[in-house]
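Comments concern the structure below.
The values are calculated or read from the model by the stated rules, or taken from the named source; none is laboratory data. Quick caveat: nothing in here was measured; it's all calculated off a predicted structure. For neighbour counting, all protein chains shown are included, and Cβ atoms are generated from backbone atoms with ideal geometry for every residue, glycine included. Heavy atoms of the whole protein, side chains included, go into the accessibility calculation; ligands, DNA and RNA do not. Shrake-Rupley method; radii C 1.70, N 1.55, O 1.52, S 1.80 Å.
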Amino acid sequence: MAEKLRIDKLLAHMGRGTRSEIKKAVKQGKVTVDGKVVKDSGLIVDPANQEVAYEGERVSYRSVIYLMLNKPAGVVSATEDNRDRTVVDLLNPEDRLLAPFPVGRLDKDTVGLLLMTNDGALAHELLSPRKHVDKTYEALVLGKVGDSDVQAFAAGVTLDDGYVTMPAELVVIEVLEGGGDSDSLAAGAVTSLIRLTIREGKFHQVKRMFQAVGKKVVTLKRISMGPLRLDETLEEGAYRELTIEEVDGLKAHRGADREK
Ligand code: URA
């Protein structure tokens with residue numbers, strides 16, 4: 001990161017206190033740069049090439065954050081909400097410092113992959129309708145999903161507002177006789193476990209696509225977005241930082257417009 005900034009701003013960003021607390025700490029000689037005690041809390045530093053320490057402990061600085069959350073049901077994909085817990089509430093305080101926000105929305109009852117970042121440019125490109133980034137979901141659907149649905153989704157279905165969806169890939173993984181393992185279904189109900197890849201992101205799109213073919217989504221989980229796959233070792237509600245390879249993959253993916 002080739003960014004230079006004031007040392008009090010850097011330390012505040014990295015959670016070492018408010019600007020005035022840091023000013024005090026500087027006066028007390030608690031802050032060093034390359035081993036030398038800092039006298040001026042307005043000192044400009046280059047964190048990529050200088051070693052900043054607070055109370056003898058190295059402070060590593062970064063200005064961007066990329067997190068993969070396995071979103072649980074019951075929280076909303078927003079940074080603030082008057083009624084519900086948000087995905088930001090699930091983050092540790094130190095991970096909130098850089099103000100990551102969710103890239104796109106999953107419904108309150110949808111679980112699975114949610115990218116959170118403060119990289120606005122990347123978020124914008126991943127969400128751009130021109131880019132057609134693939135999103136893959138797994139769902140339990142009430143009823144028997146069959147070939148006619150696969151063909152309808154491949155051709156595009158008409159949603160309740162008249163919008164015709166782009167071609168989507170529907171794969172039926174299994175038809176379950178007897179309600180699957182969902183508690184909310186009547187005993188004996190037929191359900192289908194499916195995987196669906198869509199290339200756009202209309203409001204409630206997956207649920208409305210099934211509604212368009214007379215079926216109802218019971219549970220919905222996102223498993224990938226572009227090249228980013230949900231790390232299945234993350235429990236629902238848990239998150240981790242993206243690896244460098246995952247960040248590079250997303251950045252490379254956003255490059256080209258995907259036609260059709
Ligand atoms: N489609 C939906 O219907 N809901 C989601 O949360 C995501 C895609």
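Numerical summary
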{"item": "Amide H partners (placed H, <5 Å) of Ala238, local residues excluded", "result": "Asn70"}
{"item": "Tensor-based shape of region 89-158 (alpha-carbon gyration tensor, a/c under 1.5 rounded, otherwise prolate or oblate)", "result": "oblate"}
{"item": "Whole-number percent relative contact order across the chain, with pairs defined as alpha carbons under 8 Å at least 6 apart", "result": "19 percent"}
{"item": "Cross-link pairs Lys9/Lys131; Lys108/Lys215; Lys4/Lys39; Lys71/Lys135; Lys71/Lys144 - those with Cα-Cα distance over 25 Å", "result": "Lys9/Lys131; Lys71/Lys144"}
{"item": "Hz values of 3J(HN,Hα) by residue in region 55-70 - Karplus curve (6.51, -1.76, 1.60), Gly and Pro given as x", "result": "6, x, 10, 5, 10, 8, 10, 8, 10, 10, 9, 10, 10, 10, 10, 8"}
{"item": "Most mobile listed residue (Gly162, Gly120, Gly146) in the chain, GNM with C-alpha springs under 10 Å", "result": "Gly162"}
{"item": "Whole-number accessible area per residue in Å² for region 98-166, which is evaluated in the context of all protein chains at 1.4 Å", "result": "43 Å²"}
{"item": "Estimated vicinal HN-Hα couplings, Hz - region 96-109 in sequence order (Karplus 6.51, -1.76, 1.60; Gly, Pro = x)", "result": "7, 4, 8, 6, x, 10, x, 8, x, 10, 10, 4, 4, 8"}
{"item": "Equivalent ellipsoid semi-axes, the chain, via Cα gyration tensor eigenvalues times 5, rooted, Å", "result": "46, 19, 14"}
{"item": "Residue-averaged [θ]222 nm for the chain, counting only DSSP H segments that reach four residues, each worth -39500 (n - 2.57)", "result": "-5500 deg cm²/dmol"}
{"item": "Prolate/oblate/rounded call for region 137-260, Cα gyration tensor, a/c under 1.5 rounded", "result": "oblate"}
{"item": "Candidate aspartates and glutamates - alpha carbon under 19 Å from Lys251, same-chain residues fewer than 8 apart omitted", "result": "Asp119, Glu125, Asp134, Glu200, Asp231, Glu241, Glu259"}
{"item": "Asp119 long-range amide H proximity, modeled H, under 5 Å", "result": "Ile65"}
{"item": "Rel. contact order, % - alpha carbon contacts under 8 angstrom, at least six apart, region 67-178", "result": "20 percent"}
{"item": "Aspartates and glutamates whose Cα lies under 15 Å from that of Lys30, excluding same-chain neighbours fewer than 8 positions away", "result": "Asp8, Glu21, Asp40, Glu51, Glu55, Glu57"}
{"item": "For region 24-41, Karplus couplings with θ = phi - 60° (6.51, -1.76, 1.60), whole Hz, Gly/Pro x", "result": "5, 4, 4, 4, 7, x, 8, 10, 10, 10, 6, x, 9, 5, 8, 9, 10, 6"}
{"item": "Under 5 Å, built H, 5+ apart or other chain: amide partners of Thr219", "result": "Leu140"}
{"item": "Compactness of region 100-141 - radius of gyration and Dmax, Cα, Å", "result": "11.6, 35"}
{"item": "Carbon plus sulfur fraction of accessible area for the chain, probe 1.4 Å, in percent", "result": "49 percent"}
{"item": "Dipole magnitude of the chain, debye to nearest 20 (Cβ charges: Lys/Arg +1, Asp/Glu -1, about Cα centre)", "result": "940 debye"}
{"item": "Average Cα contact separation per residue, region 5-58, under 8 Å, 6 or more apart, as relative contact order %", "result": "37 percent"}
{"item": "Ranking by accessible area, most exposed first, for Arg222, Arg62 with a 1.4 Å probe", "result": "Arg62, Arg222"}
{"item": "Å² per residue, accessible surface of region 5-58 at 1.4 Å", "result": "60 Å²"}
{"item": "Probe 1.4 Å - accessible area at His253, Å² to nearest ten", "result": "40 Å²"}
